[in-house]
Structure formats: structure tokens, C-alpha cells
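Novice: Starting off with a structure, shown below.
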Amino acid sequence: EAGVTQFPSHSVIEKGQTVTLRCDPISGHDNLYWYRRVMGKEIKFLLHFVKESKQDESGMPNNRFLAERTGGTYSTLKVQPAELEDSGVYFCASSPARLAGPSYEQYFGPGTRLTVT
Amino acid sequence: AQKVTQAQTEISVVEKEDVTLDCVYETRDTTYYLFWYKQPPSGELVFLIRRNSFDEQNEISGRYSWNFQKSTSSFNFTITASQVVDSAVYFCALTFTGGGNKLTFGTGTQLKVEL
């Protein structure tokens, strides 16, 4: 079974440009999460999808970030326009619907390293 | 508010040494869940263990062991006879009933195991 995949693995863009990150969860997982780690700091929650619906987007930093999950499969996270402070590693995770409670582990992808110059 | 503190930023040990990674958490909830994840150089976070707040029994899995103590709000992780393959960043995380599914992470501990 394939794990969570993320694309691209690394992106370098200039301030003001737009970047779109993609996450493909484990097949059949209804829950999809985005997290971000800024250099040397903790990994912070951004948002949570259940299928195509946003269950919790309390961690989204501002309206320059837009997450979508059309069809309830893969998800995209767009940053427009990018700022220097958006640099970091963006992680995606998924978990099955039947194990959707807080007690069960989330399966993480390798992350996308975003560098804004 | 939930908070996880991993005071050790980086630890270096020589292979075969035992090493303990500290994790201290804060929460007002009585039902919560603690996790450890490993991040090897490949980047993905690998789940290691989950522990709920009602189960203080320590756990051992091979060379890994975990010590959960509610009295000190700690969930420490010990690697016995460390190996070079244990080199990674280790994250402690917390979630709780009523908080959705979001994980609150510590800042991570970089473990370097040298020959």
C-alpha cells in the first residue's frame, strides 16, 4: 500500500509568486491534514479535511493560504502571494475514517520544503 | 491550551549507549493522547507509539521504551543500545478529546548516533 505522497519535494520561489503544493493521501483515507514546520520550531497544524469538507481550518495563518480537496481525494495547498515567512516544510497526513478519533495515529508524508527568497 | 516541550534540541551519543529523550506536556483535559514520531533523513514522520491518559503503564518495544508519568506530565522515550540507524529527529505530540484531530507537537530532538 502506497503511503502519503507529496509534490514537489522542494520548491524555491520568489516573494510575491504563487506556489501550489499537492498531497495524495493513502487510498481510502477520508481524513487529510496539513501541517507546517518553520525552521527549528514545532510542527504546527494548519487544517483538517474530512473527505472534501474542511473540518477545522483554525491553523491557517491568513487568507494567502487556500486549501482544497475536490472530490475528497488529493488535496492542494496554494500560497498566493508567498512571503518570506512562509518558508518551511509543509507536511500532509491522513487517517482512515473509521479511526478518525484523536486517539489514532496519522500517517505522514515526506513533506514539501518551501523556500521563499 | 495544549503545549509540548522537548527541551533537548540535539543529543549526540556513541553507538551502544542508552539515550533518553524528554517530553513534557501541558493540558487541562483529562482525556488526552500522547505520541512519538520519528523523522529519518528521508523526511516523513514515522509513528512510533500512542498512549492514552488513562494508561500509565510503561511500554517496551525492542530497544525502545516509554515512561509515561502523569504526576510530572512527562512522556519520555529511551533507546537502549543505540545504533546509527536511530539517528533522526524525534517528535513528541499531544491531542485530546474535543480538540478535533489536530496534533500539538514539540520542537523535536535531533539525535545523532556516531560510531
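Novice: So what are the ³J(HN,Hα) numbers for segment A:72-82, from phi and the Karplus equation (6.51, -1.76, 1.60; θ = phi - 60°), rounded to whole Hz, Gly and Pro as x?
Specialist: Values, residue by residue: x, 10, 6, 10, 10, 10, 9, 10, 8, x, 6 Hz.
Novice: Which loop-located GluC sites (Glu not before Pro) does segment A:1-67 contain, where loop means any DSSP state but H, G, I, E or B and the Cβ has at most 16 other Cβ atoms within 10 Å?
Specialist: When the GluC sites (Glu not before Pro) of segment A:1-67 are filtered for loop state and at most 16 Cβ neighbours within 10 Å, A:Glu1, A:Glu14, A:Glu52, A:Glu57 remain.
Novice: For B:Ile60 and A:Thr5, what does the FRET efficiency come to when R0 = 30 Å and r is the distance between their Cβ atoms, rounded to the nearest 0.05?
Specialist: So, using R0 = 30 Å, E works out to roughly 0.35.
Novice: Using the Kirkwood radius over Cα pairs, work out the Stokes-Einstein diffusion coefficient for chain A at 25 °C and 0.890 mPa s, in µm²/s as a whole number.
Specialist: Approximately 174 µm²/s, per Stokes-Einstein.
Novice: Kindly state, to the nearest 0.05, the FRET efficiency for B:Ala1 paired with B:Thr97, given R0 = 22 Å and r defined as their beta-carbon distance.
Specialist: My answer for the efficiency is 0.90.
Novice: Can you list residues from other chains, or at least 5 along the same chain, whose modelled amide H is less than 5 Å from the amide H of B:Glu17?
Specialist: Residues meeting the amide H criterion: B:Ser82.
Novice: For the protein assembly as shown, with the dipole built from +1 on Lys and Arg beta-carbon atoms and -1 on Asp and Glu ones, taken about the Cα centre, which of A:Asn63, B:Leu48, A:Leu46 lies farthest toward the positive end?
Specialist: Sorting the options by dipole projection puts first A:Asn63.
Novice: For segment B:43-110 and segment A:39-84, what is the separation of their Cα centres, given in Å?
Specialist: About 25 Å separates the Cα centre of segment B:43-110 from the one of segment A:39-84.
Novice: Let me ask something else. Which residues' amide hydrogens lie under 5 Å from the amide hydrogen of B:Ser87, considering only partners 5 or more residues apart or on another chain, with H built in the peptide plane?
Specialist: Here B:Val113 satisfy the definition.
Novice: What net charge is computed for the residues neighbouring A:Ser95, neighbours being all others with C-beta under 9 Å from the C-beta of A:Ser95, Lys and Arg scored +1, Asp and Glu -1?
Specialist: -2
Novice: Then there's this: Given the pairs A:Lys41/B:Lys38; A:Lys15/A:Lys78; A:Lys51/A:Lys78; A:Lys44/B:Lys16, which are separated by over 25 angstrom at their Cα positions?
Specialist: Beyond 25 Å: A:Lys44/B:Lys16.
Novice: Could I have the simple spin-label model distance between B:Phe47 and A:Gln55, label points 7 Å from Cα toward Cβ, reported in nm to one decimal?
Specialist: 1.3 nm
Novice: With +1 on each Lys and Arg Cβ and -1 on each Asp and Glu Cβ, and nothing else charged, work out how big the dipole of chain B is about its Cα centre, in Debye to the nearest 20.
Specialist: Rounded to the nearest 20 debye, it is 340 debye.
Novice: Less than 18 Å apart at the alpha-carbon level, and either on another chain or at least 8 residues along: which lysines does that give for B:Lys70?
Specialist: B:Lys3
Novice: Please report the net charge: other residues with Cβ closer than 11 Å to the Cβ of B:Phe91, K and R +1, D and E -1.
Specialist: +1
Novice: Also, quick follow-up: Collect residues whose amide H, placed 1.01 Å from N in the peptide plane, falls under 5 Å from the amide H of A:Asn31; neighbours closer than 5 in sequence don't count.
Specialist: Here the answer is A:Lys51, A:Ser95, A:Ala97, since their amide H atoms fall under 5 Å of that of A:Asn31.
Novice: Here is a follow-up. Starting at the first residue of segment B:17-34, write each ³J(HN,Hα) from the Karplus equation 6.51 cos²θ - 1.76 cosθ + 1.60 with θ = phi - 60°, in whole Hz, x for Gly and Pro.
Specialist: So the J values, rounded to whole Hz, are 6, 8, 9, 10, 9, 8, 9, 10, 10, 10, 7, 9, 7, 8, 10, 8, 9, 10.
Novice: Convert each backbone phi in segment B:105-111 into a coupling constant with the Karplus relation 6.51 cos²θ - 1.76 cosθ + 1.60 (shift: θ = phi - 60°), then list the ³J(HN,Hα) values in order as whole Hz, x for Gly and Pro.
Specialist: Couplings: 9, x, 7, x, 10, 7, 9 Hz.
Bear in mind these aren't lab numbers, they're just calculated from the coordinates by the rules spelled out. Everything numeric here is computed off the predicted structure, so don't read it as measured data. Neighbour counts are summed over all protein chains in view; Cβ atoms, including those assigned to glycine, are modelled from backbone coordinates with ideal geometry.
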